[in-house]
Each structure stands twice: as structure tokens, then as C-alpha cells.
Amino acid sequence: MNSIAKSLLRSVKHSRAAWLSSSSAHSGKQRFRRLVLGIETSCDDTGAAVVDDAGCVLGEALHSQNEVHLQTGGIIPVVAQQLHRENIEQVVEEALHASGVSVPQLAAIATTVKPGLALSLGVGLQYSLGLVNRHQKPFIPIHHMEAHALTIRLTHHLEFPFLVLLLSGGHCILAVAQGVSDFLLLGQSIDIAPGDMLDKVARRLSLIKHPECHSMAGGKAIEHLAQTGNREQLVFRLPMKQYRNCNFSFSGLLNLVNNAIAQKEREEGVQKGEILSCVKDVAAAVQHAVAVHIIQRTYRAMLFCTKNSILPSKNAALVVSGGVASNQYIRKGLQNLADANDFALLCPPPRLCTDNGVMIAWNGMERLRAGLGVLHSTDGIRYEPKAPLGIDISKRVEEESIKVPTLKQIRWLAS
């Protein structure tokens, strides 16, 4: 960890301690605190949490659908919708009970309304609007990726602006966070997301049948097996090397991997659905290729921001969040990249990298404090399955045609 990150982490510990002592010290005096309930149902996790204006998580609850979707081989939207409907009331009640507050005490209710699975978003929005209208509370619609990007400000004392890389099963985004609702979009996946690709590879390899992975989600299974695999046994051509932008592409890489798996099956004489003897090597090679692609595009984003003075010349930070941010191999590569460029790499704790109610409640609190998007009438509010994040300047990035160091150096960063 470089000196910038250490300095930031020291301030984080001091800040968090101050928040907690302030909260406990004032509780006896009945200090008025603004409280926000956050509700998350954008995909397959039903989450709720209550956060106060000092940044304290008073209570949270989460219901994961992971085991169900493991058995079906992926998320089926109507199944996810039904599970949200069955669990949302209990999850919200658990979060409120754990926080020791009731709905009338809330300053506002914040809920994910974009982007995500339409059927899942609809459950959260419908339930939230019922609470809002019943108790006459302000409503704060939340952009799911904005919430991921800002979670770091709950766990770390970090000022704007900062570079943010959002990696998940549904998104892959590079952006600059300039303010609570002020983002510059540098690049994004033009097809599928890295988490989706890793899940598809895991299904193609039938990892649910592997004795070490039967209870693991696809991406986690790939990471686990890759630890003891030899990535040099297979080498995959990296996507978009000829394009000097910050966009990502994983569908072409997925096709290359699927072809390689089929070739290995023929060589070993095994049927599709059986476990290859070289499965750990395949997992290691796939994970490495994904990591190198991500590092290469992030490197260009750093150079672009530095060249154009978009980020401070000192104490610049790279924030990495989303479910795939929990992958330790990818995180190590990004740490090496950050160290080489005098950036601090900051990541929320793993439980806050995946979807949760805490990040929605915190995003709601940030918006409440800034007076941004706090609605006192919910007429016409709709969920949006697809929604861009911020102002898209990706074409400007490409026009500058910034060259990153050689591929050999990029591969070294990921090693």
C-alpha cells in the first residue's frame, strides 16, 4: 500500500471513530438526527438499511437469492421478482427493527429506480411508494451505479473528485465523480459486463459439479480454482487493443474462451458438461485476461485525467466498487497500477461491494444533505431498466488517442 493510501486510511479511522463517538455521545441528549431508509431490489438481492446524517449504519438487512439462481443456472427475472415480493416487507422491517426507529422518524426514503432488471426494480419502487404515500415522507430515487460509486464516502473520508471503476455482473464503468450527482463517463462496456462473462464461463465449465465449487457463484468459483491454476497454459487475445479509448468489451473474449474449452474437451475426450482436467488452468487464464483488459483501460483513464487536470495532481484516488471488485486477483492488479501511478486505491469492504441497502441509504443521505433529487411528490415516477451515469465524454477520451505502456508491462501489473 502506498503512502497516499495509508494517509487516507488513517484519516478514515479517525473520521469513523469521530462519527461513532459523536453518535453515542449525542444519543443521550436526544440530538436530532436525520435518518434515511434505503431499499435495494435492482437485481437479485433484497436489501434495506437505515443510515443517519453522521454516516452511521443503524440497522440493515439483506436477503440473497444466490442459492436459487445457482440451481437455475442464472437469474430468471420472473423468479427474482417473485422472491423480492415475498421478502421485501420482512427485510425492511428487520432493518427498521435493528435500527430502533420507525417509519415516522425517517427524514426520507431512498430506493433504487435505475438501472437494473425491470421486474425487480418494479417491486422495490411499488413497495417504497406505498410507504412514502402512507407516511407522507420525501422520496429520493437512486441511480444504482451512483450508489456504488459513493459508498466509499461512507467508509472513507474522501473528497471529490476521484476516479471510479465500477465492476459487476451487469456493469463495467469508468467515470470521474465530481460531486454527489455529477459524473463524467470516460468509458463503459459496449456489450456484456465482466461478472456476467465470468458467470457464463463457470456455467460452460460446469463448475457447479466441481467438488470445490458446488455452492459458489460463478465468479467466485473461477477465482477459487484460478488460485491453483497455471494461467500460462492458455493465452487469450485481449479485446479492443487497437481502440485508444476507455470502453470495455467481454463478449469477444467469451467466444475465445468457449472455443478453447471446446478444443480442450476434444483433446481430453470428454463430453460437454463434464469437468476438464485442466479446468484450473482455464480459470486462471480467463481471470488473468479479464484483469489485464480492465487494467489497460483503467490505465488510460488515469493518464487522461492527469493530462487534462481532471483529478488533483497529488492525492488522486481510484475507487473500485461492485461485486467483481471483491476479486482479489483483479484488485491486486489494480493496486499495482495505482502504486505505479501514485494513486490511492480505495475499495469498500466486500459486503458493501455487492448490492445492499446500505449504499442506497447512504446515497439518499448524500442527496438529502445536498438537496438534490428529493421529491415531495411522486407523480410520474418510473423505474428505468437502462440509465446512463453522468455526462458521456468517452468520445473525447478516444479523440485524444492516449497510448498506454506496452502490453508486456500491463501483463506484469496483473501478475
TODO: Please go through the stretch 285-311 and pick out each residue that is in contact with a Leu (Cβ under 9 Å, 6 or more places away or on another chain) and not in a helix (DSSP H, G or I).
DONE: Ile310, Leu311
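Select from the stretch 198-217 the residues that are surrounded by fewer than 21 Cβ atoms within 10 Å (Cβ to Cβ) and either over 20 Å from Leu254 (Cβ atoms) or of a type in the set (Gly, Ala, Ser) (or both) and list them in ascending order.
Once the filter is applied, which keeps residues that are surrounded by fewer than 21 Cβ atoms within 10 Å (Cβ to Cβ) and either over 20 Å from Leu254 (Cβ atoms) or of a type in the set (Gly, Ala, Ser) (or both), the stretch 198-217 yields Ser206, Lys209, Pro211, Glu212, His214, Ser215.
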Open item on the list: Go through (1) open to solvent by less than 10 Å² (accessible area, probe 1.4 Å); (2) within 27 Å of Leu62 (Cα to Cα); (3) not in a helix (DSSP H, G or I) for Leu318 and report which single condition fails.
Closed with: (2)
Open item on the list: Yes or no: the stretch 182-197 includes at least one residue that is open to solvent by 40 Å² or more (accessible area, probe 1.4 Å), assigned to a loop (DSSP other than H, G, I, E, B) and more than 27 Å from Leu253 (Cα to Cα).
Closed with: no
Open item on the list: Tell me the residue from Leu158, Leu163, Leu174 that is in contact with a strand residue (DSSP E or B) (Cβ under 7 Å, 6 or more places away or on another chain), surrounded by fewer than 23 Cβ atoms within 10 Å (Cβ to Cβ) and of a type in the set (A, V, I, L, M, F, W, C), please.
Closed with: Leu158
Task: Residue count for the stretch 147-178, restricted to those that are closer than 18 Å to Asn315 by Cβ and not aliphatic (A, V, I, L, M) - done: 9
- [ ] Would you check which residues across the stretch 377-404 are surrounded by 14 or more Cβ atoms within 10 Å (Cβ to Cβ), among the hydroxyl-bearing types (Ser, Thr, Tyr) and over 23 Å from the mean Cα position of the chain (by Cα) and list them?
- [x] Thr378
Task: Residues that are within 22 Å of Leu150 (Cα to Cα) and open to solvent by 30 Å² or more (accessible area, probe 1.4 Å), drawn from the stretch 108-133 - done: Lys114, Leu117
TODO: Select from the stretch 137-151 the residues that are outside any strand (DSSP E or B) and crowded, with 23+ Cβ neighbours inside 10 Å and write down the one among them that is nearest to the chain's Cα centre (by Cα).
DONE: His148
- [ ] Note down all Cβ pairs under 8 Å where the first residue falls in the stretch 77-94 and is farther than 12 Å from Gly122 by Cβ and assigned to a helix (DSSP H, G or I), the second is at pLDDT 95 or above and open to solvent by 90 Å² or more (accessible area, probe 1.4 Å), and they're at least six residues apart or on different chains.
- [x] Val91/Leu62
TODO: Return yes when Glu398 is outside any loop (DSSP other than H, G, I, E, B), among the acidic types (Asp, Glu) and within 20 Å of Val180 (Cα to Cα) and no when it is not.
DONE: no
Task: Positions within the stretch 218-277 being part of a loop (DSSP other than H, G, I, E, B), open to solvent by less than 90 Å² (accessible area, probe 1.4 Å), among the polar types (S, T, N, Q) and under 21 Å from Arg297 (Cα atoms), in sequence order - done: Asn245, Asn247, Ser249
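The values are calculated or read from the model by the stated rules, or taken from the named source; none is laboratory data. It should be emphasised that the depicted structure is a prediction, and the values quoted were computed from it without experimental measurement. Backbone-built Cβ (ideal geometry, glycine too); neighbour counts: all protein chains shown. Note: accessible area is taken over every heavy atom of the protein model, side chains too, but ligands, DNA and RNA are not part of it. Shrake-Rupley method; radii C 1.70, N 1.55, O 1.52, S 1.80 Å.
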